[in-house]
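Beneath this line is the structure, given in C-alpha cells, with notes to follow.
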4 protein chains.
Amino acid sequence: MAGTAGKTLPTAAKAGAEVRPRRRRKDARPQELTAAALALFVEKGFAATRLDEIAARAGVSKGTLYLYFDSKEALFKAAIEEGVLPAIEAGEALLDEYGDDPVGLVRGFLRAWWEQIGSTAYGGIPKLMFAEAANFPEVARYYNEAVIQRGVALLRTAVARGIASGVFRPVELSVISPLLISPLIHLATWRNSIAPLCGAGVDPDCYLETHIDLVLHGLCAGKKPDGEQR
Amino acid sequence: MAGTAGKTLPTAAKAGAEVRPRRRRKDARPQELTAAALALFVEKGFAATRLDEIAARAGVSKGTLYLYFDSKEALFKAAIEEGVLPAIEAGEALLDEYGDDPVGLVRGFLRAWWEQIGSTAYGGIPKLMFAEAANFPEVARYYNEAVIQRGVALLRTAVARGIASGVFRPVELSVISPLLISPLIHLATWRNSIAPLCGAGVDPDCYLETHIDLVLHGLCAGKKPDGEQR
Amino acid sequence: MAGTAGKTLPTAAKAGAEVRPRRRRKDARPQELTAAALALFVEKGFAATRLDEIAARAGVSKGTLYLYFDSKEALFKAAIEEGVLPAIEAGEALLDEYGDDPVGLVRGFLRAWWEQIGSTAYGGIPKLMFAEAANFPEVARYYNEAVIQRGVALLRTAVARGIASGVFRPVELSVISPLLISPLIHLATWRNSIAPLCGAGVDPDCYLETHIDLVLHGLCAGKKPDGEQR
Amino acid sequence: MAGTAGKTLPTAAKAGAEVRPRRRRKDARPQELTAAALALFVEKGFAATRLDEIAARAGVSKGTLYLYFDSKEALFKAAIEEGVLPAIEAGEALLDEYGDDPVGLVRGFLRAWWEQIGSTAYGGIPKLMFAEAANFPEVARYYNEAVIQRGVALLRTAVARGIASGVFRPVELSVISPLLISPLIHLATWRNSIAPLCGAGVDPDCYLETHIDLVLHGLCAGKKPDGEQR
DNA sequence: CATGAATGAGAGTTCATTCAT
DNA sequence: AATGAATGAACTCTCATTCAT
C-alpha cells in the first residue's frame, strides 16, 4: 500500500522526484470527469449515457474513469454532488446580504439562482434529478434536503418577513416557494431539453424580470413594490 | 383506486385478474399497452424501462408487445401520442367557453390543465419529454408544436385580450405563457419524481389557487381581479 | 361455433349441408403445403424460412401447418420426401427402356434427370440437401441412400456394361457416376441460387447436350459414339 | 493435419491453448474470427450458426466478435471476402504459367483449383454461396463477378485457344467452363456436406484425374491428348 | 377444420466493468 | 497512471409453437 502505484492525487508531490513540469493543476482530473459526465447525463439521462461518451468528452479512456470512480453510479452521484455545492453556497450568501429586505431577498434570490445556477451548466440538474428520482432515490432525497428544502425555507422566510412587515399581502406560505422558483426551473429545464431542438425561444432576462415583476406585484397587492428595476 | 399513484389512464392492468385469459379483445390492447408503457417511462425514463416490466404491468408477455408495436421506440412514440391527444382536445374546448373573458380563460386554463392533465397519469409527460428530448428529437419537436406551442398561443391570446380590454396591465406577451403554466408543470413533475420519495408535500389545490390568485393579482395591477375565488 | 362465418375451405361441408360442390381433390392440402415449403426451403434454407412465409405462400394460416405437420422439422422432412419420390421412380423406368444399350442409357439418364428433376421444382433439392446435411444428418443419409446411391449404381452399371461390350474405354468406375451427373446438379443448383440474381446465363439444352457429347466422346475414346443427336 | 476435415485456413483455434490469455495480438484476430465463422457457416449455413459457436470456436467471447465486426452479417461478408481472395490470386498465376498451352492450362486450372481451393477450408464456399445467394444477393453477385466469371473467362479462353490451334475439337464455348469445373465444385461440396455423414466416398485424386482424362479425351476427339498423366 | 393472438425460449447486440500491459 | 481489448450479464427482438375461439 506504500510504494505500489503511487497515487499522486492529493498532496505530497511524489517524494523524491525533482522536476515535474507537466502536472495538471493540483488535481483537476476528477472535476473534469464529473463535469463531462454531468453534461451528458443532463443531455441524455443516466441510462442512455455511455461511459465511452463520457470518457471521450473528458479526453480520457474508458478505463481511466475507473481510476477515480467505482462505477457509473458512483460517477453519477459525484457529478450531482459536485453540481450541487454551488447552489448551497450561493444560498448562504444571500441571507447575509438581504437579511432584512424581503423584496430584495426575493428579487436577489431569483436573480442569483438564474445567474449562478439556471443559466450555467448546473441548470440541467433539476431536470436530471426529476428524471432519475425513481432510479436513484437516495440521491434524490439528498438533493431534496440539501438543496431544494434549503432554498424553499429561505424563500419562505423572506416572504414571511415581508408579510409580517406589511410589505406583502398574506399568502399561503406552504406553497409560495415553489411558486416563486418553478418558472426559473422550468426555463432552465427548457434550455436543456427542447430549446436546442428549436430556434430562439424566449429571452431569459425578459422572462426573469417579467416573472419578478409579476410576482412582486402579486405579493404586494395594491402597494407599489419598490421601484428598483435592476 | 386507493390513494397511491393516482392512475386515471384507460383500463390498464385490469385490477384483480389472477387468471389471464389467453385471448383478449384485440382492440383495447394497444391502449392498455401504451398506458402501462407511459407509466413506466414516466417513472424511470425510456432507457431504464425494460420491456419485461411493461409487459408485466400490462399483464401480457414480452412478445405480445411486438404484435402491436414494431419496437420499443415505436411503443414510446405511441405512448406519447396517446397521452398528448387529451391535452390538445382540452385546449380547444376552453376557447369556446371563455372566448371573451380573459380572467376566466386564464383561470379556466390553469384549472383545466391541472384537472385533466397535471393531476392524471398524463401529468408525467412533460417530465418525460424534457428528459428524453435529446434522445427523441422528432418526438420532442412534435410535442412542442402540437401541445406546448398551442397552449402557449392560447394563453397569450387570453392575456393579450385582457390587456386590450384594460383588465390586465401591459406585460411582456412573449414570456407570459410559460410563466403562467410552469408552476403547474413543476407540480406535476414533482408528483412524478420526488414526491413519491418523501411524505406529504404541498397541497395541489392550495398550490393551484394560490398561483392563480398571485398571477391574477400580478396581472391586474391595482385593479381588483374579479372576485371569484372558486 | 355452428353458424358463424361458414368456413368453406377444406372438406366436409359443415355436417348437415346437402350439396358439397367445392371439395378439393381428395386431400391435396398436405402436398400444397410441402410444395410451398420446399420452394421456400430451397430458396432461403431451412432456418431462414419462416413458417409465416410458408403458410402465406400456401394460402393458409400459420396454425394450419400444425394440423398436418408436427413441427417445422417434420414439414422439412415431408417436403424432402415428397420431392424425392419422382427421382426414384424415374430411375426405375430407365432401366426397363435402355437395359441393354449403354450409350442410350447414359444419354437417357442425363436427359431424363434434367427433364424430370433438374429443370423442375425438384431441381433445388440437391442444393438444399447439401446445405442442410449437417443440420439434418438423418435426412441427408436417407437422401444419399434412397436417391444418390441408387442413381450412382444405375449409371455405374450402364458404364460397366459399355466397357464390357467394348463401346466404352475402360474408366475408373468408382468415380464415373458423379462425374457424369455433377454438371447437371450444378446447373440445377445454379438456377436455384445465383441465376435469379443475374440475367440470362447458359442455355440449359445446349449445356446438357454439350455435356453428353463431351463425355460420350470421352468415354468412347477413338470410337465414334453412335450418331444420335437427339 | 490428419485426415479429418482438412483445414488449411490461417491460424484458427490455435490447437492446444487451454489457458486463454486475456489480451492477444489485435492483428491476427480478425482472420481467426472469420476463419472460425467461415467453417461454421459452411457447415450449418448462416442462419443456423450461432454467434456463440463462432466465438467458442475462435476461443473468444461473444462480445469480442463485436469489437471487430458490426454484426453477424458483416462477419459473414468478411468471411466470404477473406475466403475469396486466394481464388482470385490463384487464377492470375495460372495464366502466366500456361498462357500458350491449352491442354496444360485446362489441366493446370483444374488441379490448382482442387489443391488450393477445393480441398481446403475454402472448398465449402461454393456450397455456402449457393445456399445463401437469395439471402445475400449482393454478396452472391460480388462472388459471381469476382470469382466465378473470372474463372469462367479463363477456362473459356484456354479452350478457345485449343480449338484455334487445332488441339481441341470445336465445342460450344458458352457452356464449356461450367462443364469443366462443376465436377470439382461438386466434389468440394460433397466433402462439406454428405461425406462427413457417410464413410469413405470417392478418392479425390482418382476423381480429379479421371475427370481430366475424360474431358481432355472428349475435347481432343480422335486426337490423342498429350500423354502427361501426372 | 381453421384461425391468429399469445407465448417464451433463444438469438443478436450492447455496454459497464475488468485487467494485462 | 493510463490504456483499451476482452468479457458476460442483460437487454431487445424473433419466431416456432400453442390453444381458445
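Bear in mind that the values in this text are calculations on the coordinates, not laboratory data. Treat the numbers as computed from the prediction; the structure is a model and nothing was measured. FYI the Cβ positions are ideal-geometry reconstructions off the backbone, even for glycines, and counts take in every protein chain you see.
The charge dipole of the stretch A:80-220, taken about its Cα centre with unit charges on the Cβ atoms of Lys, Arg (+1), Asp and Glu (-1) only, comes to about 420 debye.
Residues B:Asp27, A:Asp27 in ascending order of nearby Cβ atoms (within 10 Å, fewest first): B:Asp27, A:Asp27. In the stretch C:80-220, one over the average inverse separation of all distinct C-alpha pairs is 15.7 Å, which is the Kirkwood hydrodynamic radius. For the stretch C:212-219, the Karplus equation 6.51 cos²θ - 1.76 cosθ + 1.60, evaluated at θ = phi - 60°, returns couplings of 4, 4, 5, 6, 5, 4, x, 6 Hz by residue, with Gly and Pro reported as x. The order of D:Cys206, C:Cys220, going from fewest to most other C-beta atoms within 10 Å of their C-beta, is D:Cys206, C:Cys220. For the stretch C:199-220, backbone nitrogen atoms closer than 16 Å to the point 7 Å from C:Arg169 Cα along Cα-to-C-beta are found at C:213-220. Return the FRET efficiency for the residue pair B:Asp203, A:Glu73: r is the Cβ-Cβ distance, R0 is 22 Å, and the value is rounded to the nearest 0.05. Calculated transfer efficiency: 0.05.
For D:Glu73, the distances from its label point to the matching points in the remaining copies are 1.5, 2.9, 3.7 nm, ordered from shortest, with each point set 7 Å beyond Cα toward Cβ.
Counting, for every residue in A:129-142, the Cβ atoms of other protein chains within 10 Å of its Cβ and taking the mean gives 5. In the assembly of identical copies, B:Asp27 has its label point, taken 7 Å from Cα in the direction of the beta carbon, separated from the corresponding points by 3.9, 6.6, 6.9 nm (ascending, one decimal). Ignoring aspartates and glutamates fewer than eight residues from B:Lys62 along the same chain, the ones with Cα atoms less than 12 angstrom from its Cα are B:Asp52, B:Glu53. Once you've got the Cα coordinates, tell me which of C:Lys72/D:Lys127; D:Lys44/D:Lys127; C:Lys77/D:Lys127; C:Lys44/D:Lys127; D:Lys44/D:Lys72 are over 18 Å apart. Where the Cα-Cα span goes over 18 Å, the pairs concerned are C:Lys72/D:Lys127; C:Lys77/D:Lys127. Ranked from shortest, the separations from the 7 Å Cα-to-Cβ label point of B:Asp96 to its equivalents in the other copies are 6.0, 8.5, 8.7 nm. Note on C:Lys62 and A:Asp100: with the Förster distance fixed at 56 Å, the Cβ-Cβ geometry gives a FRET efficiency of about 0.10. What separates the Cα centres of the stretch A:154-212 and the stretch D:65-99 is a distance of 67 Å. When only Cα pairs below 8 angstrom with a gap of at least 6 residues are kept, the stretch C:80-220 shows a relative contact order of 30 percent. In terms of surrounding Cβ atoms within a 10 Å radius of their Cβ, D:His211, C:His217 rank from fewest to most as C:His217, D:His211.
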